[in-house]
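> Got a structure for you, written out below as structure tokens; questions coming shortly.
Bear in mind that the values in this text are calculations on the coordinates, not laboratory data. Since the structure is predicted, the reported quantities are computational estimates derived from the model, not experimental observations. Using ideal geometry, Cβ is built from the backbone for each residue, glycine included, and neighbour counts are taken over all protein chains shown.
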Amino acid sequence: MSIPILLLMPSSVASGAQVAAMTGTPAPGLPAGFVADTQFPMILLGDQDTQSRVSGFAAPEFAAEPQVAIRGFVDAAIEDPPQSLGGFQVFADPRIEPFQTCIGDRPVGTHDDVAERLDAAGLHELGLDGEGVAIAIVDTGINLVHLRAVMGRTPRFDAVNSWAPPNADHEAGEWPVGHGTMCAFDALIAAPAATLVDVPVLSAKLPGGGSAMSSTLSAALLAFSQMLGSWNSGRGNRDLSQYRGLVCSNSWGIFHPSWDFPAGHPGRYCDNPDHPFMLQLEAMSRGGIDMFFAAGNCGADCPDGRCQNRVVEAVMGASASIDVMSVAGCDVHEERVGYSSQGPGITGLHQMKPDITAYTHFLGSRAFGDDAPDSGTSAACPVAAGCMAAIRGRVSPRTPATPYMMYDHLRVNALVPPGRTAGWNADYGHGIIRPVPIASLFPG
Amino acid sequence: MSWKADTEAALMIVKGKDGPPSLDEAARQLDVAVEDLDPDFGVVAIDPDRGLYSVRVDASKLGRGFEEGQGPFSDPDISPMR
């Protein structure tokens, strides 16, 4: 096969080679079997120091002459390329790709870019901005003052139907600025008129999390129980049943099975469809609540340290439940971020996880500083949840358009990422979320 | 007993035919004292349509021989994905 290479050679030889290649005449001094790339100009290499270093690779008689790099092709196996041609050093010209975005990297684009990629304007032209729909931000808690400052307006907020952990030390909407505020901001990108519901599960301090007070899964059980009861009450006045739709965004999970009961224990969480929380998720989706979970930050390229370098079967627990949408992350250029957990899901749960991909790692909420991105699959999840909230403005889950039907629509209508084929893959799931084609399926 | 920060908790599933069982009834189903259940957690709906509810129990007070699918289940720490 013909493989691309770079040759270092004296400039006089390279010049002759390129002229010969362009004119189709024999090239004096050009190594046999080397075909020069006429589109690639020869490159003079560095300064005098560089010249003296590279001259060591070239034929001695040319050592005093300036060296250049010239690109071309040679017939060889990629596994066994020649080390030199005609006495000239051969260097690889490997395929390169953009570096994947990792935790700690600078933002890639802004929330305006995300809105553009989602065609939020197209949604709004259809009259879909989340009005009448509630988005429950299940997280550390929302800070409305910060949101007001960065958005220039006060988002709709339902304090009455927000959840307060036992012994809560903050009121709804008044939690310290942090992760929950980031998620709230990101949910409103596609659905700016949606109503936020504050569910600060990650700030709950229940006893029994081990040796220290910690936030545990049971806090989510407790909060979801209230949410489900309120949504299903049928009273339709002051509780969650007043909303046309209820979308639940969850940017949390467990990072490693060592946080859980040992493998094989029947009460384990991370791979067990019979765990009470997994049963509750089924009841939530069956009851008409759209459930979104972050896929996780244990991608093979640059996993979060909490993953302990475990990057296989990294989509676990609720994120691998068949009853939720599991959301991977990409940047605004549609490149998967390197930390986004890849499928398939953990053995024992649904395998085709993540389900879809949404945007992350953009400058948005500034919840972690003016230059810090909204990052992690934590940001991707509410971005996707916001898309669903916008769509729910047109189609209620109390119609045949159940969460399960809408999950399918999200999968089928997802954008096939560049360089990929249609269908599920481990990096992006079924593709990158696109809400407008789904909204267009339902007449206004 | 009073629930302390270092109490090792487990989740158990209890059943209720016509709505959630009381904390006393849940304790009876699990053969523990009502004080062994987390009062702040109470009785939580898992899937009311199927009569399934959950309680948090002091794991050290649990016996053995529960029905399949009743527990004990893990209550792992959870963390933000950022």
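> Rounded to the nearest 0.05, what FRET efficiency do residue B:40 and residue A:95 give with R0 = 51 Å and r taken as the Cβ-Cβ distance? Could you check?
That pair, residue B:40 with residue A:95, gives E of 0.35.
> Still on this structure: Can you pull out the GluC sites (Glu not before Pro) in the range A:78-140 that DSSP calls coil and that have at most 14 other Cβ atoms within 10 Å?
Filter output for the range A:78-140: A:79.
> For residue A:205, list the lysines whose Cα falls under 17 Å from its own Cα; do not include residues on the same chain fewer than 8 positions away.
Correct list for residue A:205: B:4.
> Counting only other residues whose beta carbon sits under 12 Å from that of residue A:111, what net charge do I get with K and R as +1, D and E as -1?
Net local charge, residue A:111 excluded: -3.
> Still on this structure: Taking a quarter of the surface of the convex hull around the Cα atoms of chain A, what do you get in nm²?
Computing the convex hull of the Cα atoms and averaging its projections yields 27.3 nm².
> Among B:49, A:271, rank each residue by its count of other Cβ atoms within 10 Å, from fewest to most, as a rough exposure measure.
Going from least to most buried by this count: B:49, A:271.
> Oh, and also: In the range A:277-376, which trypsin sites (Lys or Arg not before Pro) are in a loop and have at most 16 other Cβ atoms within 10 Å, using DSSP for the loop call?
Answer by residue number: A:310.
> Another question, then. What FRET efficiency comes out for residue A:421 versus residue A:116 if R0 is 30 angstrom and r is the Cβ-Cβ distance? Round to the nearest 0.05.
So the FRET efficiency works out to roughly 0.75.
> Considering only A:343, A:236, A:317, give the residue with the highest GNM mean-square fluctuation for chain A, with springs between Cα atoms whenever their separation is below 10 Å.
A:236
> If the cut-off is 23 Å between C-alpha atoms, which lysines fall inside it for residue B:15, apart from same-chain ones fewer than 8 positions away?
B:61
> What fraction of the DSSP beta bridges in chain A is antiparallel, stated in percent and rounded to the nearest 5?
If I count the DSSP bridges inside chain A, around 45 percent turn out antiparallel.
> Across peptide A:268-276, how many C-beta atoms of other chains are within 10 Å of each residue C-beta, on average?
Partner Cβ neighbours, averaged per residue: 5.
> Right, next: What FRET efficiency, computed as 1/(1 + (r/R0)^6) with R0 = 35 Å and r the Cβ-Cβ distance, is obtained for residue B:17 and residue A:159, rounded to the nearest 0.05?
0.50
> OK, next. Within the set of other residues whose C-beta is less than 13 Å from the C-beta of residue A:282, count the net charge using Lys and Arg as +1 and Asp and Glu as -1.
-2
> Which cross-chain or sequence-distant (5 or more) residues have an amide H under 5 Å from the amide H of residue A:135, H modelled 1.01 Å from N in plane?
Amide H neighbours of residue A:135, under 5 Å, 5+ apart: A:195, A:196, A:197, A:247.
> Ranking A:371, A:112 by Cβ neighbours within 10 Å, fewest first, what do you get?
If I rank by nearby Cβ atoms, fewest first, I get A:371, A:112.
> If I model a spin label as a point 7 Å beyond the Cα along the Cα-Cβ vector, how far apart are those points for residue A:333 and residue A:1 in nm?
Between residue A:333 and residue A:1, the simple spin-label model gives 2.5 nm.
> So between residue A:301 and residue A:39, what do we pick up on full extension, going 0.36 nm a residue minus the alpha carbon distance?
Extra length from residue A:301 to residue A:39 when fully extended: 91.0 nm.
> Same structure, new question: If you place +1 on the Cβ of every Lys and Arg and -1 on the Cβ of every Asp and Glu, how big does the dipole about the Cα centre of the range B:9-60 come out, in debye to the nearest 20?
I would put it at about 220 debye.
> Going by C-beta contacts inside 10 Å, put A:246, A:221 in order with the fewest on the left.
Fewest-to-most ranking of A:246, A:221: A:221, A:246.
> For peptide A:289-295, how many partner chain Cβ atoms fall within 10 Å of a residue's Cβ, on average?
1
> Moving on to the next point. Find the cysteines in the protein assembly as shown that fail to meet the 4.7 Å Cβ criterion with every other cysteine, and list them.
Here A:183, A:248, A:270, A:330, A:381, A:387 come out as lacking a disulfide-compatible partner, given the Cβ-Cβ threshold of under 4.7 Å.
> Along Cα→Cβ, 7 Å out, is where each label goes; now give me the distance between the ones at residue B:28 and residue A:396 in nm to one decimal.
Placing both labels 7 Å along Cα→Cβ, they lie 4.0 nm apart.
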